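Novice: Structure incoming, see below.
The values are calculated or read from the model by the stated rules, or taken from the named source; none is laboratory data. Keep in mind that this is a model prediction, so the values were computed, not measured. As a convention, Cβ positions derive from the backbone with ideal geometry for all residues, glycine included, and neighbour counts pool all protein chains shown.
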Amino acid sequence: MDNLNDIKALWLTAKTDSLPSSDEMLRIVKKFRNNRLRKKLTIIFVALFCAALEVATMFVYKSTMITTRLGEVLIIIACGVLVFTNTRSMKRFIDLKDCSNKDFIEFLEQTRRNQVYYYKKTQVLGMGLSSLGLLLYLYETASISTAAFIITYTIAIIWTLVLWLVIRPRSFKKQSRKLDETLRKLKEISKQLD
Amino acid sequence: MADFEEIYAQYSPQIYRVCMGYINDKEQAKDLVQETFISVWKNLSTFRNESKISTWIFRIATNNCLRALEKSKRVMTTELPFHLPDQPHEETQEEKLAFLYNCIAELEETDRIIISLVLEDLPQAEIAAIVGLSAVNTRVKIHRVKEKLAIKFKAHGQFE
């Protein structure tokens with residue numbers, strides 16, 4: 001094996017008969033559902049639904065306290081943040097047209113940077129707004145009696161603490177390690193194309 | 001506009017070989033072929049002939065290969081030992097091919113893509129359009145990758 005032509009000839013001997021036939025591939029592609037896109041759509045739909053529910057509650061349930069109104073508004077804003085972030089991210093993927101490897105690596109790097117920003121800033125903002133919104137929203141109901149107040153706020157505070165001190169740090173640590181590793185690798189590939 | 005089945009029949013063997021060159025694993029290469037043709041199917045109606053259809057398909061395939069790094073897919077480099085047995089041994093075609101894949105797997109990601117496209121006999125201008133380098137850079141890169149591959153072959157006693 002002493003020249004490129006020999007290597008080319010060897011390269012072409014790769015067996016490709018185990019690939020699906022055209023008909024089989026057509027069946028596969030027709031059945032395919034984009035899970036990533038579906039997940040984003042579900043988040044957008046759920047956030048919109050929650051916001052709509054919150055707005056409807058504002059009209060149906062006439063609250064007397066400002067804390068309830070404020071809580072509702074904060075939760076609606078948190079839903080809005082979720083809808084905006086996920087729609088923007090989905091649009092970037094949909095807008096991604098025919099692009100070279102170099103452009104694609106840049107796109108992936110930007111996507112991962114956006115994700116890091118999301119975990120560090122947007123998620124904190126969204127969770128902060130919804131947590132504060134929930135605590136304010138519950139005040140009117142909880143203030144009926146001391147027992148209701150203690151029970152409601154014990155549960156709400158435990159949930160908030162679990163969310164901030166257990167769920168988020170765990171998810172952030174896992175995601176951030178994965179994202180850092182991906183970004184490092186993408187930078188390496190990007191350098192190969194400089 | 002060619003229809004999907006024609007495109008698949010024409011390009012799937014090439015795409016499979018390029019993916020094998022990149023990932024060096026039959027099952028993962030098949031998955032990458034599938035992902036590539038799912039994208040082709042989804043976007044065929046909006047393909048605007050701004051580039052050749054082959055350039056478009058190879059771009060999708062190689063971009064999928066590059067994205068495989070995000071799915072923790074590892075490139076296999078040790079499927080077969082590099083050191084051939086001391087006993088005289090007539091290598092089979094499959095062993096020779098596995099050896100070639102192992103040599104390619106030792107290259108950097110973009111070099112693996114470039115050499116796979118070279119071995120598919122794509123013109124340099126098309127390789128430049130797929131990878132996103134200038135014509136001059138592509139020519140230099142191709143030359144270097146061929147040299148690197150030759151060194152690997154020599155190091156393992158495959159060049160006379």
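Novice: Go through the stretch B:119-146 and report how many residues are in contact (Cβ under 8 Å) with a residue 40 or more places away in the chain, part of a loop (DSSP other than H, G, I, E, B) and among the aliphatic types (A, V, I, L, M).
Specialist: Here the count works out to 1.
Novice: A further question follows. Of the residues A:Leu37, A:Leu26, A:Leu53, which is farther than 30 Å from B:His143 by Cβ, within 9 Å of chain B (Cβ to nearest Cβ) and in a helix (DSSP H, G or I)?
Specialist: Only one candidate qualifies: A:Leu26.
Novice: Something else about it: Please go through the stretch B:7-29 and pick out each residue that is within 8 Å of chain A (Cβ to nearest Cβ) and surrounded by fewer than 19 Cβ atoms within 10 Å (Cβ to Cβ).
Specialist: Once the filter is applied, which keeps residues that are within 8 Å of chain A (Cβ to nearest Cβ) and surrounded by fewer than 19 Cβ atoms within 10 Å (Cβ to Cβ), the stretch B:7-29 yields B:Ala9, B:Pro13, B:Lys26.
Novice: Can you tell me how many residues within the stretch A:65-112 are closer than 30 Å to B:Leu117 by Cα and either of a type outside the set (Lys, Arg) or more than 12 Å from chain B (Cβ to nearest Cβ) (or both)?
Specialist: 18
Novice: Can you pull out every residue in the stretch B:44-54 that is among the polar types (S, T, N, Q) and facing another protein chain (nearest Cβ under 8 Å)?
Specialist: Scanning the stretch B:44-54 gives a single hit, B:Ser51.
Novice: Separate question: Which of the residues that make up the stretch B:6-34 are part of a helix (DSSP H, G or I), more than 21 Å from B:Ile53 (Cβ to Cβ) and over 11 Å from the mean Cα position of the chain (by Cα)?
Specialist: Once the filter is applied, which keeps residues that are part of a helix (DSSP H, G or I), more than 21 Å from B:Ile53 (Cβ to Cβ) and over 11 Å from the mean Cα position of the chain (by Cα), the stretch B:6-34 yields B:Lys26, B:Glu27, B:Gln28, B:Lys30, B:Asp31.
Novice: Let me ask you something else. Looking only at helices (runs of 4 or more DSSP H) that fall completely inside the stretch A:104-194, which ones have 3 or more residues that are touching a residue at least 40 places away in the same chain (Cβ under 8 Å) and within 26 Å of A:Leu53 (Cβ to Cβ)?
Specialist: Fully inside the stretch A:104-194 and qualifying: A:123-142.
Novice: Which pairs do you get when a residue that is closer than 10 Å to A:Ser22 by Cα, found in the stretch B:1-25, comes within reach of a residue that is modelled with pLDDT under 95 and hydroxyl-bearing (Ser, Thr, Tyr), reach meaning Cβ atoms under 6 angstrom, with the pair 6+ apart or on two chains?
Specialist: These pairs meet every condition: B:Glu5/A:Ser22; B:Tyr8/A:Ser22; B:Ala9/A:Ser22.
Novice: A follow-up question, please. On the given criteria, is A:Glu24 acidic (Asp, Glu) and surrounded by fewer than 18 Cβ atoms within 10 Å (Cβ to Cβ)?
Specialist: yes
Novice: Answer yes or no: is there a residue in the stretch A:89-96 that is basic (Lys, Arg), out of contact with any Leu (no Cβ under 8 Å at 6 or more places or on another chain) and not in a helix (DSSP H, G or I).
Specialist: No.
Novice: Say we look at the stretch A:12-23 and pick out the residues that are of a type outside the set (Val, Ile, Thr) and within 7 Å of chain B (Cβ to nearest Cβ); which of these is nearest to B:Val118 (Cα to Cα)?
Specialist: Taking the candidates together, the pick is A:Ala14.
Novice: Determine which single condition B:Ile114 fails, assuming it passes every other condition in (1) closer than 19 Å to B:Lys152 by Cβ; (2) modelled with pLDDT of 95 or more; (3) not in a helix (DSSP H, G or I).
Specialist: Just one mismatch for B:Ile114, condition (3).
Novice: Further, regarding this structure: Within 14 Å of chain B (Cβ to nearest Cβ) and either closer than 18 Å to A:Leu125 by Cβ or not β-branched (Val, Ile, Thr) (or both): which single residue out of A:Phe32, A:Phe59, A:Phe45 fits that description?
Specialist: A:Phe32
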